[in-house]
Structures are given as structure tokens and as C-alpha cells.
């Protein structure tokens, strides 16, 4: 993990992007000898492992879009697509989460595992309100604090249907993962229009 003196993740993004760039070369060579199934397994080992590491903490950084750009290049190699070919359908076919899907999934799992650490709206209001079961978004004074896991995890969790929120943890993870695999996110905002079904 690399954070600079101004609490930015540019150095970490540079490191992850660099590792993925060198692994694109390895995967491209491997593609001449193995099937797409084997390439997919290699992708998880060589690329997704670097992207997913502590993604809850740094995934919302503005510079993280460079990592997503590198991921799309990798997916084109794994799916044997031409350079610059749209790869949204390839993410679905290969059942690989986009960078932003990984980030949202990680945040949702974090929120679900730490529900006891968050207040709900009904803890604050004595009367019943429409969103009383929602987690209370932590107050943040600085814009940089909005990049922290608590802020975005709560925001993502509150956007889920109540039936999904109330699922046991193992079913919650399964349902969220399946939905994100079927709806590849190309930006954070895409998440808020995804339709979750229980």
C-alpha cells in the first residue's frame, strides 16, 4: 500500500498499473499456448489479486480509473478481442467483475460484516421515518474523508433493497456477486441504477 503525503493513492495506483502492464505481456504470450479457461485462471492470479488488495480503502480514488483501463486491456487479451474492442460483454461471458464492481462488492461485504459498528437512522430519530432502517452515513468534514471505506460502504449498502440487506451473510455475498457479474460496472454511478433481485 502506497499513500503520498497528501493522502492520495497515485503511487499505489501507479504500482498496481505497472504490475498489470507487465502481466499483460505474460498473458499475451500465454494466449498462444493455452485455452481461454486457463487464461482466465491466470488473470485472477496475475491481475485481480493486485487490484483487489485493500480495494475498499483506495478504490474510490480518482486515479483508480487508470487501473480499470489496464483491466480492460487484460480482458481483451483473455477474451482474444481486438485492441479497442468493447469488452463489456466479455466481462459477463468470462464472469469477471470489473474494477468498479470489485470495489462495490468489497465495500458491501465490509458493511455487512460490520453492521454492529454503524448507527441506523432510527437510532437518531425517536419517531418513525421512511429510511429508519438505513445505516447512518458518517459525518465527514473533509472531502478526502469521503474516500474512506465507512462513507462509501454505507452509501452502497443503503442503496440495496431491504430483502437483500436482510439476507444471511453467505447468501448476501452470493446474491450481490451474481448481480454485479451480470451487470458490469464501468463507473461508481452505474451501481445506483442496477436492479437487485432477491
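Once divided by 2.2 N^0.38 Å, the Cα radius of gyration of the range 33-111 becomes 1.10.
Sort 50-59, 172-181 by packing, meaning the average of other beta carbons within 10 Å per residue, with the highest value first.
Those peptides, ordered most packed to least, come out 50-59, 172-181.
Shown is the FRET efficiency for residue 189 and residue 28, computed with R0 = 30 Å from the Cβ-Cβ distance and rounded to the nearest 0.05: 0.40. Protection proxy ranking for 182-190, 26-34, using the average of other Cβ atoms within 10 Å per residue and placing the highest first: 182-190, 26-34. Taking other C-beta atoms within 10 angstrom as a stand-in for reagent exposure, 12, 116, 170 fall in the order 116, 170, 12, fewest first.
Read the figures in this text as sums done on the coordinates, not as results from a lab. Predicted model only: the values in this text are computed from it and were never measured. So basically every Cβ, Gly included, is an ideal-geometry build from the backbone, and we count neighbours across all protein chains shown.
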